Amino acid sequence: MKNKIVETLWYGFLAGLCLNILFLSRQESVEVKGTYTITVLTLDEYIFKILRYSIWFALIIGAIYFLYCKFRKQ
């Protein structure tokens, strides 16, 4: 079971990484003549956000899998 949880955390991290790259790369916001705003992140902020959200995603997926395994046996 320990191996499965580690494997689930790894796959959750990879899935979170892919999803965050897709969603954060589309996030823009700079003000152009008062009509709309585009937020531009520096590379280190961008990488930090991607890693942080990926780790959270992996932990959530791991917790769900752990609870699934625990209650499935009962």
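Being surrounded by 14 or more Cβ atoms within 10 Å (Cβ to Cβ), β-branched (V, I, T) and modelled with pLDDT under 85 holds for only one residue in I55, I50, I61, and it is I50.
Within the stretch 49-69, the set of residues being of a type in the set (S, T, Y) and touching a helix residue (DSSP H, G or I) at 6+ places or on another chain (Cβ under 6 Å) comprises Y53, S54, Y65. Please list, ordered by first then second residue, the pairs with beta carbon atoms under 7 Å, 6 or more apart or interchain, first in the stretch 46-67 and under 14 Å from V6 (Cβ atoms), second among the β-branched types (V, I, T) and surrounded by 17 or more Cβ atoms within 10 Å (Cβ to Cβ). Qualifying pairs under 7 Å: I61/T8; G62/T8; Y65/T8.
The values are calculated or read from the model by the stated rules, or taken from the named source; none is laboratory data. Model, not experiment: these values are computed from the prediction. Glycine also receives a Cβ, built like all others from the backbone with ideal geometry; neighbour counts cover every protein chain displayed.
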